[in-house]
Amino acid sequence: MNTRERLINVTSDLIRKKGYFGTGINEVLKQVGVPKGSLYHHFPKGKDELIREAVYWGGESQMQKYGNALKGKPAEEGLSDMIDVMVNELINSNFEDGCPIAAVAMASGTIDEEIREACAKVFVGWQNNLAGYLERRGIDNAQVKAEELYSMFEGAYVLSKAHRDVKYLLLQKKFIGTILNS
């Protein structure tokens, strides 16, 4: 992994734990082990450009995890396994990790417009990927259902993190069939 990729990777990890405002450039540089000039060499616009790239990287990484959970399974089983990915991330991180996109999107009223747009693009990409998965399994109105499911899952993820209790995510499993069959 080159310096640019390490900067993005470390930033993405810190965002999961600390959000946009809690992710400081000095901490990123220290963890990567490079001087401040390296940041501006790879990201001339500074922190906002780095955060935007970390949002895209985190989104792709998370989608790969979800894709692995969904792969080759019927819709209800795959979606249940996708929830398990979220549950395991929270438990394994002792509730320190959060959604890499929501952690930044929550600050979208006060951050750079390009970062907000990056968050929106990642969420749309996740929803579109899920809609394609549902369509391939013969689910009607796949796009609408993908949006409903992601809204439900993301809200449950935030509640589970806030309460340090995965019951909010696990509760969503009983609604999957209702949404898919509606």
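The values are calculated or read from the model by the stated rules, or taken from the named source; none is laboratory data. Given the structure is predicted, the values throughout are model-derived calculations rather than measurements. All Cβ positions, even for glycine, are placed from backbone atoms using ideal geometry, and neighbour counts span all protein chains on display.
Taking residue 53 as meeting all but one of (1) within 30 Å of residue 180 (Cβ to Cβ); (2) touching a helix residue (DSSP H, G or I) at 6+ places or on another chain (Cβ under 7 Å); (3) modelled with pLDDT of 95 or more, write down the number of the exception.
(1)
So that you can scan it fast, the table gives a plain yes or no per residue for (1) at pLDDT below 90; (2) in contact with a Leu (Cβ under 6 Å, 6 or more places away or on another chain); (3) among the acidic types (Asp, Glu):
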site: 87; (1), (2), (3): no, yes, no
site: 101; (1), (2), (3): yes, no, no
site: 118; (1), (2), (3): no, no, no
site: 130; (1), (2), (3): no, no, no
site: 136; (1), (2), (3): no, no, no
site: 156; (1), (2), (3): no, yes, no
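Look through 154, 114, 89 and report the one residue that is more than 14 Å from the chain's Cα centre (by Cα), closer than 19 Å to residue 55 by Cβ and acidic (Asp, Glu).
114
Just give me the residues in segment 124-154 being more than 17 Å from residue 70 (Cβ to Cβ) and either β-branched (Val, Ile, Thr) or in contact with a Phe, Trp or Tyr (Cβ under 8 Å, 6 or more places away or on another chain) (or both), in sequence order.
124, 144
Has segment 59-80 got any residue that is in a loop (DSSP other than H, G, I, E, B), on the phi > 0 side of the Ramachandran plot and crowded, with 16+ Cβ neighbours inside 10 Å?
The answer is no, given that none of the residues of segment 59-80 is in a loop (DSSP other than H, G, I, E, B), on the phi > 0 side of the Ramachandran plot and crowded, with 16+ Cβ neighbours inside 10 Å.
Condition first: crowded, with 16+ Cβ neighbours inside 10 Å, free of Cβ contacts under 8 Å to residues at least 24 places away in the same chain and not acidic (Asp, Glu). Now tell me which residues in segment 1-46 satisfy that.
Within segment 1-46, 10, 14, 28, 29 qualify.
Can we say residue 180 is within 15 Å of residue 75 (Cα to Cα), at pLDDT 95 or above and within 15 Å of the chain's Cα centre (by Cα)?
no
Which residue pairs have Cβ atoms closer than 8 Å, lie 6 or more positions apart in sequence or on different chains, and pair a first residue in segment 154-175 that is of a type in the set (Val, Ile, Thr) and in a helix (DSSP H, G or I) with a second residue that is modelled with pLDDT under 95 and buried (at least 16 other Cβ atoms within 10 Å of the Cβ)?
Short answer, once both residue conditions are applied: 158/98; 158/99; 158/102.
Select, from 104, 144, the only residue that is buried (at least 17 other Cβ atoms within 10 Å of the Cβ) and among the hydrophobic types (A, V, I, L, M, F, W, C).
So the residue among 104, 144 that is buried (at least 17 other Cβ atoms within 10 Å of the Cβ) and among the hydrophobic types (A, V, I, L, M, F, W, C) is 104.
In segment 101-108, is there at least one residue being more than 24 Å from residue 10 (Cα to Cα) and not in a helix (DSSP H, G or I)? Reasoning before the result, please.
To start, the set of residues in segment 101-108 that are more than 24 Å from residue 10 (Cα to Cα) comprises none.
No, every residue in segment 101-108 fails to be more than 24 Å from residue 10 (Cα to Cα) and not in a helix (DSSP H, G or I).
I need the full set of residues from segment 61-87 which are farther than 14 Å from residue 153 by Cα and free of Cβ contacts under 8 Å to residues at least 60 places away in the same chain, in order please.
Those that are farther than 14 Å from residue 153 by Cα and free of Cβ contacts under 8 Å to residues at least 60 places away in the same chain: 61, 64, 65, 68, 69, 71, 72, 73, 77.
Within segment 6-28, how many residues are touching a Pro at 6+ places or on another chain (Cβ under 7 Å) and hydrophobic (A, V, I, L, M, F, W, C)?
So the answer is 1.
How many residues are in a loop (DSSP other than H, G, I, E, B) and crowded, with 16+ Cβ neighbours inside 10 Å when one looks only at segment 109-139?
Residues meeting the conditions: 3.
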